[in-house]
Amino acid sequence: MTAELIERLAQDLKPVPSNALLKVLGIALAFGLVTSTIAMMLWLGPRPDLFKAFGTPIFWIKFVYTLALGCCGAWAASRVARPGENGRLPLAIVCLVVLSVAIAAGISYVTAPPQERHAIVMGSSALVCPHYVIALSMPLLIAAIVFMRRMAPTNPTLAGLSVGLMAGALGAWVYSFHCTEAGLPFLTLWYSLGIAAVVLVGTVAGRLFFRW
Amino acid sequence: MSGLPTSEDRLRSLMLASLAGDSAAYRKLLADLSERLGRYYRRRLREALSAQVDDLVQEALLAIHARRMTYDPNRAFTAWAFAIARYKLVDLLRRSRAQAHVAIDDVADFLADVDVSTESAADLATMLDTLPERTRVLIRQVKIEGQSVAEAAASAGMSEAAVKVAVHRGLKALFNRFGRKR
């Protein structure tokens with residue numbers, strides 16, 4: 001029986017390039033990012049002053065914050081997709097990034113004149129921002145789940161968390177091209193809240209779907 | 001999977017050749033792995049599940065085949081293969097636990113638990129007294145004195161299967177009668 005199986009598997013053998021896993025992840029990411037970007041353009045549209053915004057530091061802080069978290073998520077996903085690996089380093093970097101942005105946000109809050117504080121926390125879109133982030137993350141999350149189901153994660157919870165982080169942060173990155181908010185506390189609070197919600201969804205999905 | 005680390009180099013080079021498409025190397029690798037997997041699973045699956053060793057070996061080989069792109073050539077091959085083997089074992093144990101009917105070992109645990117408590121000896125005797133004599137003797141021999149099923153069967157003049165059934169029924173009856181009150 002086992003000998004037959006081995007024979008069958010040997011006949012089925014096709015070469016696998018050594019970076020095959022990263023290629024599949026890349027395809028999933030590209031599909032998710034393109035879909036999410038198209039959705040943002042058609043549904044919300046880029047901010048009207050996008051080119052002017054390129055000259056402001058807060059645009060780049062939003063850009064780098066979300067992209068850094070997204071890259072760490074993708075890095076972690078590429079690790080935990082392999083059996084027996086845990087992606088500890090990228091997830092530790094995530095904690096550092098979130099912590100440092102939170103500290104910067106705290107400083108900007110206490111140093112702001114009291115009458116401006118409400119504005120830099122709530123902006124004009126606080127209650128919709130997390131929803132948009134979640135919505136724009138969905139194509140990325142679905143692509144990432146399809147990716148992970150082909151892999152061999154031995155810790156489904158961690159695998160779900162990683163794909164959730166990747167999808168949530170990159171969805172927020174796409175959203176940042178629409179968003180006109182300029183407060184650091186706003187970014188820390190509402191962007192992070194949207195990303196955290198997607199991390200939660202990813203973790204639950206991981207526990208449900210990443211069995212193999 | 002003891003014995004694996006020493007063969008890391010050989011297995012890893014077989015794996016690299018397999019990933020490049022060398023099916024002769026792949027056949028050798030899978031044959032070697034199936035032996036190691038069999039040894040690993042046989043040692044870790046208890047009586048009730050020992051019939052599943054072959055199935056589990058094949059499942060692990062299939063997973064190794066289908067998910068071979070998750071092997072990172074910069075890491076140890078045996079660690080990768082072992083992580084898959086272990087995952088499949090944990091998966092089987094979880095599934096078998098989920099579908100277990102009143103598992104006999106759980107009931108034995110229940111009895112053992114009574115045994116450690118201070119007033120237990122008398123309680124245990126009282127509980128066993130509610131069972132028919134023959135069942136009581138068998139449970140004593142197999143679950144308390146630690147005799148094997150074969151020994152108990154020989155001394156009672158019964159078949160091993162009959163002993164297993166009698167012990168199981170007796171423990172289940174005890175559990176139904178006393179287990180719920182606790």
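The values are calculated or read from the model by the stated rules, or taken from the named source; none is laboratory data. Just so you know, these numbers come straight off a predicted model, no measurement behind them. When we count neighbours, we look across all protein chains shown, and the Cβ atoms used for this are built from the backbone with ideal geometry, even at glycine. Protein only, heavy atoms only, side chains kept; ligands, DNA and RNA dropped before computing areas. Shrake-Rupley method; radii C 1.70, N 1.55, O 1.52, S 1.80 Å.
Just one of the numbered conditions (1) without any contact (Cβ under 8 Å) to a residue 60 or more places away in the chain; (2) farther than 18 Å from A:L170 by Cα; (3) of a type in the set (V, I, T) is not true of A:V34: (2). Do we have B:L45 as farther than 22 Å from A:A20 by Cβ and without any contact (Cβ under 8 Å) to a residue 60 or more places away in the chain here? Answer is yes for this residue. Of the residues contained in segment A:46-60, none is found to be under 17 Å from A:L141 (Cβ atoms) and in contact (Cβ under 8 Å) with a residue 24 or more places away in the chain.
Within this structure, B:D22 fails the test of being open to solvent by 20 Å² or more (accessible area, probe 1.4 Å), closer than 19 Å to B:H65 by Cα, under 18 Å from the mean Cα position of the chain (by Cα) and free of Cβ contacts under 8 Å to residues at least 60 places away in the same chain. Please specify each residue of segment A:86-99 satisfying the condition of being within 17 Å of A:A196 (Cβ to Cβ) and open to solvent by 60 Å² or more (accessible area, probe 1.4 Å). Within segment A:86-99, A:C95, A:L96, A:L99 meet the criteria.
Residues that are within 11 Å of chain A (Cβ to nearest Cβ), at pLDDT below 95, within 21 Å of A:I6 (Cβ to Cβ) and open to solvent by 20 Å² or more (accessible area, probe 1.4 Å) occur at least once in segment B:49-56. Would it be correct to say that B:A81 is within 19 Å of A:S18 (Cα to Cα), within 23 Å of the chain's Cα centre (by Cα) and buried (at least 16 other Cβ atoms within 10 Å of the Cβ)? For B:A81, the condition - within 19 Å of A:S18 (Cα to Cα), within 23 Å of the chain's Cα centre (by Cα) and buried (at least 16 other Cβ atoms within 10 Å of the Cβ) - is met. Across segment B:25-37, the number of residues qualifying as within 8 Å of chain A (Cβ to nearest Cβ) and either small (G, A, S) or open to solvent by 60 Å² or more (accessible area, probe 1.4 Å) (or both) comes to 3. For segment B:65-78, taking the residues that are farther than 14 Å from B:R36 by Cβ and more than 7 Å from every other protein chain (Cβ to nearest Cβ), the one that is farthest from the chain's Cα centre (by Cα) is identified as B:N74. You will find that of A:F186, A:F177, the residue that is surrounded by 23 or more Cβ atoms within 10 Å (Cβ to Cβ) and more than 18 Å from A:A74 (Cβ to Cβ) is A:F186 and no other. Inspection of segment A:18-32 finds no residue satisfying the criterion of being open to solvent by less than 80 Å² (accessible area, probe 1.4 Å), charged (D, E, K, R) and within 14 Å of another protein chain (Cβ to nearest Cβ). Based on this model, can you work out whether B:S7 counts as assigned to a helix (DSSP H, G or I), surrounded by 16 or more Cβ atoms within 10 Å (Cβ to Cβ) and among the polar types (S, T, N, Q)? Criteria not met by B:S7.
Checking each residue in segment A:77-93 for being on the phi > 0 side of the Ramachandran plot and more than 9 Å from every other protein chain (Cβ to nearest Cβ) picks out only A:G87.
Scanning segment A:133-140 finds no residues that are over 14 Å from the mean Cα position of the chain (by Cα) and open to solvent by 40 Å² or more (accessible area, probe 1.4 Å).
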